[in-house]
Amino acid sequence: MKKFFGLCFDFICSAKLNMILIVVICTVVWCTLSVMYGNYVYYTDSYNMFNDAGAADDIYFTAVVRSRAEIPKLRERILAIPGVTGIAEKPYPCRLPLSDDPDTDYATFLRFEEALYRKFTPRLIKGSGFDYSSDSLECIVTNKYKQPGVPNNVHVGDRLKFKYTDTDGEIAEIVFNVVGIGAANRFYPVMDGGGSASETVSVLGQTSAILLKYSPLTSDALDKVFGDPIERRGVDLYTAFVETDGNLSENELDGIVEACDRIGSAALGSVILANTKTELDSNMKIYAPVFMFLSVFLITTIVCLITLSIYRYAESYTIWRILGGSRLRVVAVIFASYSVCIAVSLIMMNIILHIVISGSIVDLEIFSTCILDLKTTLPAYAAAFLTCAMAAAITNSMVQGHDLRQLNGKYKE
Amino acid sequence: MPLIKISNLNKTYPVGKGKFAALKHVDLTVERGEMLAVMGKSGSGKTTLLNVIGTLDSFDSGSYLYNGHNVKKMTDGAKANLRASEIGFVHQDFLLMNRKTAAQNVAFPLYFGKTPYGRIKKLAADALSKAGVLEQADKHVTDMSGGQKQRVAIARALVAKPSLILADEPTGALDRATADEIMGVLLELNRKNGITVIVVTHDTEIADMCGRIVYIKDGRLMEE
Ligand SMILES: Nc1ncnc2c1ncn2[C@@H]1O[C@H](COP(=O)(O)OP(=O)(O)OP(=O)(O)O)[C@@H](O)[C@H]1O
Ligand SMILES: [Mg+2]
């Protein structure tokens, strides 16, 4: 094996410039393709989630509130509108200052009320989820994108303990029962996208936050720990899905939207879905040709570069044969060397997307995580493999009829 | 058992739509430890014969037994293994890899054989010293004289301890004195180490140093 790597290293060194070019080109192309693909997955996934939740007939409602006390009044006014059957409120994010590492570590939680939890039940890979009829403190975590304070590999049935500094500066402790492990690619109605009425389903997003069951049975205990997030910030956007009677006509629905609009600002779920579709379509109009172009560009450049390097290497390659290299071995070496190249570019892609993009562009909680899923990088790996196989095939076809005489330069047809 | 036993071997090259017969009804037996010269005019088929013996080229009909093994039936991999462990090549144009040092060039064939990785360096040094160029081990081959290059090539040919060395006009690119030196190295390998050597040459003086001479004319082999 060491000898095989030695040969690969030798080959890579002999075709340095080519290899570097390929790495650079691949990295750029992978990044573009991944961002495009991640974007596509995000929109279609959240579109489906929104649709499956039956949110088309809901009204997405936002209003500015200055204290928690305003919320019951708001709810009352909305529920008083004829045709409105319920309200599913935004899950409130809240943070816990962990006392073990007070400088940096906050664990972020999302408090889920029952109505919203029922509407957008998170995708779980294990566990049954929240039981709103019990008063136990329950949470759902994901093992992929971890929050501070959460140990590795949490299982359903575990008890998660958080030590934190409470409002009096004392160290306190809270324990949650783990009732579910969230799927890596999970979407939630994070609903802090700004709240104007031109929304797309980007009101949904991915999050690594720990989900908490928030119900009248648990609210006292949780409020004691987390306090009032609105009070702390001074102002907040109250956000909710206003549920309507399923049998309303379009006119009646529009009437409710108008009524909601007088209280805060409102958009109909079906309008949001339509907006999303338009946005996705317009994105695809750009993506599809770019995708085609990049694929063709990538394949042709790689094939050209590889062919070129093999031609340049032909002499050494014939020497390899003379010295005892079988065809299979030589092809394997070239295949492996280019695979290494492409693997390097995939690693670079991950680094770039992870550090550069997710570090600098807002909203990236939404994108980065879904870009870096195996599911999304898999096509890149497949493409890479295909290209390497192509390189090997080219080599193999070049192997035919290469012998000493070509080196002599003596043989003329 | 002879090292090489070739009987009624024919080899053609495709030329346009037809065929060109490069070797015709060749019979050749070479015993272990022989030093054989192959002579003939340009285009007579010397290199073709060497390529066939060295398993680099296939042939149309007839039989070729290497140490009793039927070469016709060998797979590409088996032939490669044979070249890696049994056969060393020396060539008029040296065929060294220019971006490597002498030691790296000599070590290279061992990457294809069964030699454990850890022993490669030592064996390369041994071969360099046998060929008389140990001092040049870390020099790049581009910085060497023709004679030194050919010595490096010989070191490379013998590094895997082969039974057979095939030399295609090994002195063709060298002056008289250097040519004699190189032949000296080959002769010594033949006498001291018992390696069978086949040398292709135009030069009767060189051929006379060998124990046996065969002639090739238009693809036909004739013994003296
Ligand atoms: N790949 C090939 N296709 C067609 N004909 C070939 C091929 N290789 C060699 N020949 C022909 O076969 C004959 C023998 O060639 P070979 O190279 O063996 O001659 P040689 O004796 O080694 O000559 P030289 O002394 O010039 O090296 C020549 O006539 C040559 O034109
Ligand atoms: Mg020749």
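The values are calculated or read from the model by the stated rules, or taken from the named source; none is laboratory data. A quick note: this is a predicted structure, and the numbers were derived from the prediction, not measured. Heads up, the Cβs are rebuilt from the backbone with ideal geometry, glycines too, and the neighbour counts pull from every protein chain shown. The accessibility values were calculated without ligands, DNA or RNA, using every heavy atom of the protein model including side chains. Shrake-Rupley method; radii C 1.70, N 1.55, O 1.52, S 1.80 Å.
Observations, loosely collected:
- Aspartates and glutamates whose Cα lies under 15 Å from that of A:LYS126, excluding same-chain neighbours fewer than 8 positions away: A:GLU138, A:ASP158
- Around the Cα centre of the protein assembly as shown, unit charges on the Cβ atoms of Lys, Arg, Asp and Glu (plus for the first two, minus for the last two) sum to a dipole of about 4080 debye.
- Each of A:ALA107, B:CYS210, A:PHE176 was scored by the projection of its Cα onto the charge dipole of the protein assembly as shown, and the greatest displacement toward the positive side belongs to B:CYS210; charges sit on the C-beta of Lys, Arg, Asp and Glu.
- Extreme residue, positive dipole direction of the protein assembly as shown, given options A:ILE59, A:SER339, B:GLY77 (C-beta unit charges): B:GLY77
- Cα centroid of the range B:114-147 to Cα centroid of the range A:317-336, whole Å: 22
- For chain B, modelled as a GNM whose springs connect Cα atoms under 10 angstrom apart, the maximal fluctuation among B:ASP143, B:ASP168, B:ASP126 occurs at B:ASP143.
- At a threshold of 10 Å², the residues of the range A:313-337 that become less accessible to a 1.4 Å probe in the full protein assembly than in their chain on its own are A:GLU315, A:SER316, A:ILE319, A:TRP320, A:ARG321, A:ILE322, A:LEU323, A:GLY324, A:GLY325, A:SER326, A:ARG327, A:ARG329.
- Sum of side-chain charges, A:GLU250 neighbourhood, beta-carbon under 13 Å (Lys, Arg +1; Asp, Glu -1): -4
- Computed magnitude of the charge dipole of the range A:53-263 (debye, nearest 20; Cβ of K, R +1, Cβ of D, E -1): 580
- Going from the isolated chain to the complete set of protein chains, the range B:152-182 loses at least 20 Å² of heavy-atom accessible area (1.4 Å probe) at B:ARG156.
- Taking the charge dipole of the range A:53-263 about its Cα centre, with +1 at Lys and Arg Cβ atoms and -1 at Asp and Glu Cβ atoms, the residue from A:PRO151, A:LEU124, A:ILE210 reaching farthest to the positive side is A:PRO151.
- Just so you know, the Rg over Rh for the range B:4-223 is 0.97, from Cα atoms, with Rh as the Kirkwood radius.
- Heavy-atom accessible area per residue - the protein assembly as shown, 1.4 Å, Å²: 46
- Area buried, chain A against chain B - accessible surface, total, 1.4 angstrom probe, square angstrom: 2600
- Measuring gaps between exposed loop sites in chain B (trypsin sites (Lys or Arg not before Pro); DSSP loop; at most 10 other Cβ atoms within 10 Å), the longest gap, sites not included, is B:115-224.
- Legend: residues in the range B:35-59 shielded by at least 50 square angstrom of accessible surface upon adding the remaining protein chains to the isolated chain (1.4 Å probe, heavy atoms) are B:LEU56.
- FRET efficiency for the pair B:ASN10 and A:ILE352, taken as 1/(1 + (r/R0)^6) with r the Cβ-Cβ distance and R0 = 45 Å, rounds to 0.15.
- Contact order, relative form, for the range B:1-154: 21 percent (alpha carbon pairs under 8 Å, 6 or more residues apart, mean separation divided by residue count).
- Cleavage-rule hits, trypsin sites (Lys or Arg not before Pro), the range A:68-120, DSSP coil, Cβ neighbours within 10 Å at most 16: A:ARG68
- The angle separating the long axis of helix B:76-86 from the principal Cα axis of greatest extent in chain B is about 50 degrees.
- FRET efficiency estimate (nearest 0.05) - Cβ-Cβ, B:TYR117 to A:LEU17, R0 25 angstrom: 0.30
- Shape category assigned to the protein assembly as shown from the gyration tensor of Cα positions, a/c cut at 1.5: prolate
- Top of B:GLY184, B:GLY113, B:GLY18 by mean-square fluctuation, Gaussian network on chain B, Cα under 10 Å: B:GLY18
- The dipole here belongs to the range A:252-358: it is taken about the Cα centre, uses +1 on the Cβ of Lys and Arg and -1 on the Cβ of Asp and Glu, and is about 1060 debye.
- The range B:4-223 - share of DSSP beta bridges that are antiparallel (%, nearest 5): 50
- Efficiency of FRET from Cβ geometry, B:THR75 and B:GLU223, R₀ 35 Å, rounded to 0.05: 0.60
- Sulfur and carbon atoms: percent of accessible area, the range A:53-263 [1.4 Å]: 46
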